[in-house]
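> Quick one: structure below, then a few questions.
A short reminder: the numbers here are calculations on the coordinates, not readings from a lab. Values in this document were obtained by computation on a predicted structure and should not be read as measured data. All Cβ positions, glycine included, derive from the backbone under ideal geometry; neighbour counts span all protein chains shown.
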Amino acid sequence: MTYTQIAFIAVFIAAFIDLEVLRTKLLKRKVFWTSYAIIVPFQLLTNWWLTSKEIVMYSEDAILGIRIASAPAEDLFFGFALILSVMATWVYLGRKAHKN
């Protein structure tokens, strides 16, 4: 399985968890997209630093070959999945704590 496939599967799973499992529906909320817009530049900066210094390297056979800030485009998808998962879990647990 390639990094490309894993990144897209991660996005699908994160969206499914947000919309169907935890039912936080962050993907439908402007506040999520605003938060994500704030986070993405820092992700790009970090990705650039790690990949341009060759701290993290990717096999060209495992990625599409499209690079953004010297990191594979797949990093944006994987990062999106991580951010969505963490934020959905945070909202879910916050709601659960307030019910008790």
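> With labels modelled as points extended 7 Å from the Cα through the Cβ direction, what inter-label distance (nm, one decimal) is found for Val86 paired with Leu19?
So the label points at Val86 and Leu19 sit 2.4 nm apart.
> Next question, about the same structure. Give the label of the value calculated from the structure for log10 I(q)/I(0) by the Debye sum over Cα atoms at q = 0.12, 0.17, 0.20 Å⁻¹, choosing from (1) -0.45, -0.80, -1.00; (2) -0.33, -0.68, -0.96; (3) -0.53, -0.81, -0.96.
Entry (1).
> Moving to a separate point now. What whole-number distance in Å separates the alpha-carbon centres of the range 6-39 and the range 55-75?
Between the Cα centre of the range 6-39 and that of the range 55-75, the gap is 23 Å.
> Please list, or write none, the aspartates and glutamates whose alpha carbon is within less than 18 Å of the alpha carbon of Lys53, excluding same-chain residues fewer than 8 places away.
Leaving aside aspartates and glutamates fewer than 8 places away in the same chain, those within reach of Lys53 are Asp75.
> Another question about this same structure. What number, in percent, do you get for the relative contact order of the chain if the mean sequence gap of Cα pairs under 8 Å and at least 6 apart is divided by its residue count?
The value is 43 percent.
> Related question: GNM, the chain, Cα, under 10 Å: largest mean-square fluctuation among Ile66, Ile39, Ile17?
Taking springs between Cα atoms under 10 Å, the residue moving most is Ile66.
> I want to check the label-to-label distance for Ala73 and His98. Put each point 7 Å from Cα in the C-beta direction and report it in nm to one decimal.
Roughly 3.8 nm, to one decimal.
> Another one. Using helices alone, I'd like the mean residue ellipticity at 222 nm for the chain: each DSSP H run of four-plus residues gives -39500 (n - 2.57), total over residue count, nearest 500.
-22000 deg cm²/dmol
> What residue among Ala71, Ala81, Ala62 has the largest mean-square fluctuation in a Gaussian network model of the chain, using Cα springs under 10 Å?
Ala62
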